[in-house]
Amino acid sequence: MNAIFTAIFILSAAILAFTSPQDFLTCLLGGAKQSLSVAVTLFCIYAVWMGIAAVAENCGINQKAAKLLKPACAKIFKTQDSEACAAIATNLTCNLLGIGASTPYAVKAINGLEKEGNAYAQKLLFVINATGIQLIPSTVIALRAQAGSVNAADIFLPCLLCSITATFIAVSLFIITEKISRRKK
(Lines give C-alpha, C1' and ligand atoms only; values in the text may rest on other atoms or scores of the structure.)
Protein backbone atom coordinates (compact mmCIF):
# COMPACT_ATOMS: atom_id res chain seq x y z
CA MET A 1 0.00 0.00 0.00
CA ASN A 2 2.87 2.37 0.81
CA ALA A 3 4.27 1.73 -2.65
CA ILE A 4 0.97 2.78 -4.24
CA PHE A 5 0.78 6.01 -2.21
CA THR A 6 4.43 6.74 -2.95
CA ALA A 7 3.86 6.22 -6.67
CA ILE A 8 0.79 8.48 -6.62
CA PHE A 9 2.72 11.17 -4.74
CA ILE A 10 5.69 11.03 -7.11
CA LEU A 11 3.44 11.11 -10.19
CA SER A 12 1.39 14.03 -8.81
CA ALA A 13 4.52 15.93 -7.80
CA ALA A 14 6.07 15.41 -11.23
CA ILE A 15 2.93 16.60 -13.02
CA LEU A 16 2.66 19.69 -10.79
CA ALA A 17 6.39 20.44 -11.14
CA PHE A 18 6.06 20.45 -14.94
CA THR A 19 2.67 22.15 -15.28
CA SER A 20 3.03 24.79 -12.56
CA PRO A 21 6.55 24.84 -11.10
CA GLN A 22 5.93 28.10 -9.21
CA ASP A 23 3.13 26.46 -7.20
CA PHE A 24 4.93 23.19 -6.45
CA LEU A 25 6.56 24.15 -3.15
CA THR A 26 3.55 26.23 -2.05
CA CYS A 27 1.18 23.28 -2.59
CA LEU A 28 3.53 20.84 -0.92
CA LEU A 29 3.97 22.98 2.20
CA GLY A 30 0.27 23.94 2.24
CA GLY A 31 -0.72 20.27 2.25
CA ALA A 32 1.71 19.55 5.07
CA LYS A 33 0.32 22.48 7.06
CA GLN A 34 -3.28 21.28 6.56
CA SER A 35 -2.44 17.70 7.53
CA LEU A 36 -0.68 18.92 10.68
CA SER A 37 -3.71 21.05 11.57
CA VAL A 38 -6.08 18.10 11.15
CA ALA A 39 -3.75 15.83 13.14
CA VAL A 40 -3.55 18.32 16.03
CA THR A 41 -7.34 18.77 15.98
CA LEU A 42 -7.87 15.00 16.09
CA PHE A 43 -5.33 14.69 18.88
CA CYS A 44 -7.20 17.30 20.93
CA ILE A 45 -10.57 15.67 20.27
CA TYR A 46 -9.25 12.25 21.28
CA ALA A 47 -7.50 13.65 24.36
CA VAL A 48 -10.74 15.23 25.57
CA TRP A 49 -12.78 12.06 24.95
CA MET A 50 -10.15 9.79 26.50
CA GLY A 51 -10.17 12.06 29.56
CA ILE A 52 -13.96 11.89 29.80
CA ALA A 53 -13.83 8.11 29.33
CA ALA A 54 -11.21 7.80 32.09
CA VAL A 55 -13.32 9.91 34.46
CA ALA A 56 -16.38 7.78 33.64
CA GLU A 57 -14.39 4.63 34.31
CA ASN A 58 -12.99 5.96 37.61
CA CYS A 59 -16.46 7.05 38.76
CA GLY A 60 -17.87 3.61 38.08
CA ILE A 61 -20.18 4.70 35.28
CA ASN A 62 -18.72 2.08 32.94
CA GLN A 63 -19.30 -0.68 35.45
CA LYS A 64 -22.91 0.44 35.99
CA ALA A 65 -23.52 0.58 32.23
CA ALA A 66 -21.93 -2.83 31.83
CA LYS A 67 -24.09 -4.22 34.63
CA LEU A 68 -27.21 -2.88 32.90
CA LEU A 69 -26.06 -4.13 29.50
CA LYS A 70 -24.67 -7.48 30.69
CA PRO A 71 -27.83 -9.52 29.99
CA ALA A 72 -28.08 -8.11 26.46
CA CYS A 73 -24.31 -8.32 26.00
CA ALA A 74 -24.21 -11.91 27.19
CA LYS A 75 -27.02 -12.86 24.82
CA ILE A 76 -25.82 -10.95 21.74
CA PHE A 77 -22.12 -11.72 22.13
CA LYS A 78 -22.62 -15.12 23.77
CA THR A 79 -20.24 -14.40 26.64
CA GLN A 80 -20.37 -14.57 30.44
CA ASP A 81 -17.09 -12.71 31.03
CA SER A 82 -18.15 -9.60 32.98
CA GLU A 83 -14.90 -7.75 32.22
CA ALA A 84 -15.33 -8.37 28.50
CA CYS A 85 -18.99 -7.29 28.75
CA ALA A 86 -17.91 -4.07 30.47
CA ALA A 87 -15.36 -3.36 27.74
CA ILE A 88 -17.90 -4.18 25.00
CA ALA A 89 -20.51 -1.92 26.63
CA THR A 90 -18.03 0.95 26.92
CA ASN A 91 -16.82 0.44 23.36
CA LEU A 92 -20.35 0.45 21.97
CA THR A 93 -21.31 3.48 24.05
CA CYS A 94 -18.26 5.40 22.82
CA ASN A 95 -19.07 4.47 19.23
CA LEU A 96 -22.73 5.42 19.53
CA LEU A 97 -21.75 8.84 20.84
CA GLY A 98 -19.07 9.31 18.18
CA ILE A 99 -16.33 9.43 20.78
CA GLY A 100 -12.95 8.62 19.32
CA ALA A 101 -11.89 6.85 22.51
CA SER A 102 -13.54 3.52 21.72
CA THR A 103 -10.54 1.58 20.37
CA PRO A 104 -8.82 0.82 23.71
CA TYR A 105 -12.05 -0.69 24.99
CA ALA A 106 -12.46 -2.80 21.85
CA VAL A 107 -8.92 -4.13 22.28
CA LYS A 108 -9.65 -4.91 25.95
CA ALA A 109 -12.88 -6.67 24.97
CA ILE A 110 -11.19 -8.68 22.21
CA ASN A 111 -8.46 -9.79 24.63
CA GLY A 112 -11.07 -10.91 27.17
CA LEU A 113 -13.06 -12.73 24.50
CA GLU A 114 -9.89 -14.37 23.20
CA LYS A 115 -9.08 -15.74 26.67
CA GLU A 116 -12.59 -17.15 26.74
CA GLY A 117 -12.13 -18.64 23.26
CA ASN A 118 -15.16 -16.79 21.93
CA ALA A 119 -14.32 -16.21 18.27
CA TYR A 120 -17.97 -15.48 17.42
CA ALA A 121 -18.08 -12.48 19.77
CA GLN A 122 -14.71 -11.22 18.54
CA LYS A 123 -15.90 -11.26 14.94
CA LEU A 124 -19.24 -9.69 15.79
CA LEU A 125 -17.60 -6.87 17.75
CA PHE A 126 -15.23 -6.27 14.85
CA VAL A 127 -18.13 -6.12 12.38
CA ILE A 128 -20.06 -3.67 14.54
CA ASN A 129 -16.98 -1.49 15.01
CA ALA A 130 -16.12 -1.59 11.31
CA THR A 131 -19.54 -0.28 10.33
CA GLY A 132 -19.08 2.69 12.64
CA ILE A 133 -22.59 3.04 14.02
CA GLN A 134 -23.00 6.48 15.56
CA LEU A 135 -25.92 8.37 16.99
CA ILE A 136 -23.84 11.52 17.27
CA PRO A 137 -20.87 11.84 14.86
CA SER A 138 -19.08 14.25 17.20
CA THR A 139 -15.58 13.77 15.77
CA VAL A 140 -16.72 14.50 12.21
CA ILE A 141 -18.74 17.48 13.40
CA ALA A 142 -15.70 18.83 15.28
CA LEU A 143 -13.48 18.37 12.21
CA ARG A 144 -16.05 20.14 10.01
CA ALA A 145 -16.29 23.01 12.51
CA GLN A 146 -12.49 23.29 12.60
CA ALA A 147 -12.43 23.41 8.79
CA GLY A 148 -14.82 26.38 8.86
CA SER A 149 -18.12 24.71 7.99
CA VAL A 150 -21.08 27.05 8.36
CA ASN A 151 -23.31 24.28 9.69
CA ALA A 152 -21.02 21.53 10.88
CA ALA A 153 -23.85 19.41 12.29
CA ASP A 154 -25.89 19.18 9.07
CA ILE A 155 -24.43 15.72 8.49
CA PHE A 156 -26.23 14.33 11.54
CA LEU A 157 -29.20 12.67 9.82
CA PRO A 158 -27.30 11.28 6.78
CA CYS A 159 -24.60 9.83 9.06
CA LEU A 160 -27.21 8.30 11.34
CA LEU A 161 -29.13 6.68 8.49
CA CYS A 162 -25.99 5.40 6.78
CA SER A 163 -24.44 3.97 9.93
CA ILE A 164 -27.65 2.24 11.04
CA THR A 165 -28.15 0.76 7.57
CA ALA A 166 -24.53 -0.35 7.28
CA THR A 167 -24.56 -1.95 10.73
CA PHE A 168 -27.85 -3.74 10.11
CA ILE A 169 -26.66 -5.14 6.77
CA ALA A 170 -23.21 -6.11 8.10
CA VAL A 171 -24.54 -7.85 11.21
CA SER A 172 -27.21 -9.64 9.15
CA LEU A 173 -24.60 -10.86 6.66
CA PHE A 174 -22.31 -11.91 9.50
CA ILE A 175 -25.06 -13.96 11.16
CA ILE A 176 -26.00 -15.57 7.84
CA THR A 177 -22.39 -16.51 7.04
CA GLU A 178 -21.87 -17.86 10.56
CA LYS A 179 -24.95 -20.09 10.20
CA ILE A 180 -23.77 -21.30 6.79
CA SER A 181 -20.26 -22.07 8.08
CA ARG A 182 -21.71 -24.00 11.06
CA ARG A 183 -23.84 -26.12 8.74
CA LYS A 184 -20.78 -27.04 6.68
CA LYS A 185 -19.01 -28.36 9.79
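The values are calculated or read from the model by the stated rules, or taken from the named source; none is laboratory data. Everything quoted here is computed from the prediction, not taken from an experiment. For neighbour counting, all protein chains shown are included, and Cβ atoms are generated from backbone atoms with ideal geometry for every residue, glycine included. Please note that ligands, DNA and RNA were not included when accessible areas were found on the heavy atoms of the full protein model with its side chains. Shrake-Rupley method; radii C 1.70, N 1.55, O 1.52, S 1.80 Å.
Relative contact order of region 1-149: 21 percent, from C-alpha pairs under 8 Å at least 6 residues apart in sequence. Oblate is the label for region 81-185, because the ratio a/c of its alpha-carbon gyration tensor axes (a ≥ b ≥ c) is 1.5 or higher and a/b is not greater than b/c. Only Lys, Arg, Asp and Glu carry charge here, each on its Cβ (+1 for the first two, -1 for the last two); on that basis the chain has a dipole of about 860 debye about its Cα centre. Surface listing: Thr93, Thr41, Thr19 arranged by accessible area from highest to lowest gives Thr19, Thr93, Thr41, probe 1.4 Å. Counting only protein heavy atoms and a probe of 1.4 Å, the accessible surface of region 13-149 is 70% carbon and sulfur. Using just its DSSP H runs of length 4 or more, each adding -39500 (n - 2.57), the chain gives a mean residue ellipticity at 222 nm of -28500 deg cm²/dmol after division by all residues. Quick check: from the Cα gyration tensor, does the chain come out rounded (a/c under 1.5), prolate or oblate? Note, shape of the chain comes out prolate. Heavy atoms of the protein chains alone define the surface here; on that basis region 70-175 has 52 Å² accessible area per residue at 1.4 Å probe size. Modelled this way, with points 7 Å down the Cα-to-C-beta line, the labels at Thr165 and Ala3 are 3.7 nm from one another.
Simple rule: put +1 on each Lys or Arg Cβ and -1 on each Asp or Glu Cβ in region 39-169, find the dipole, and look at Gly51, Thr90, Ala145; the Cα lying farthest toward the positive end is Thr90.
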